[in-house]
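Input: a single structure, listed below in structure tokens.
The values are calculated or read from the model by the stated rules, or taken from the named source; none is laboratory data. Nothing here was measured: the structure is a model prediction, and the numbers come from that model. Positions of Cβ are backbone-derived with ideal geometry, glycine not excepted, and every protein chain shown enters the neighbour counts.
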Amino acid sequence: MFGPLRDGCTSSSSLISLIQKVVGWSMGERITSELVCDAFDMAYQRRKPSNILICHSDRGSQYAASEFQKMLKNTNFICSMSRKGNCWDNAVVESFFGSLKTEVVHGNLFRTRNEARRTIFEWIEVTYNKDRTHSSLGYLSPEEYEAEFYSSTALKIESASATNQNATYKRRVALQECNQLKGYGSGR
């Protein structure tokens, strides 16, 4: 994504979870592998994932660069890239950048890169992630949807754990009763 400045333009890279929350982003003068690595590092440090995950991108040279590929490998991410000429694979990030351009970039001429960075930071971290609702998320913001998702997941895990503990207890009691009927636990 390019943003206009009085003294040139600025580029940004963003990593977005499939619940449409921006989890990592970086800005610089050009789109480089370093820019992408910085955005990935932010996302990784924020989330510290313990599972193997997929990082999907377009086929840009910054994503194919050995520096970024090595970073993916070292953090147990699987690289996935769009098919050539197929922008639909990146619909979530394309939608994000479309919104960013429409709501923040178009019509603005930032005086400095720092002004652009501050404005885009506020839009991503406050407006987009916390306030902006999405129809695909049931008209919740990405943060609200994520909190609801993890809350319901935690309840399901807690419920499954309680069910498993209850089932284990019932099996133990049934086994004791069976052993008593066979005379194993009666002291004979």
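Which one is modelled with the lowest pLDDT, of the residues in the stretch 81-93 that are surrounded by 11 or more Cβ atoms within 10 Å (Cβ to Cβ) and under 15 Å from the mean Cα position of the chain (by Cα)? Across the stretch 81-93, the extreme among qualifying residues is 90.
From the list 50, 57, the one residue that fits, being surrounded by 19 or more Cβ atoms within 10 Å (Cβ to Cβ), under 17 Å from residue 23 (Cα atoms) and in the same structural domain as residue 11 (by TED's automatic domain parsing), is 57.
Considering only the stretch 96-108, I want to know if a residue exists there that is outside the structural domain of residue 142 (by TED's automatic domain parsing) and over 18 Å from residue 121 (Cα atoms). Among the residues of the stretch 96-108, not one is outside the structural domain of residue 142 (by TED's automatic domain parsing) and over 18 Å from residue 121 (Cα atoms), which makes the answer no. Every test in (1) exposed (fewer than 11 other Cβ atoms within 10 Å of the Cβ); (2) in contact with a helix residue (DSSP H, G or I) (Cβ under 7 Å, 6 or more places away or on another chain); (3) in contact (Cβ under 8 Å) with a residue 12 or more places away in the chain is passed by residue 129 save one, and that test is (1).
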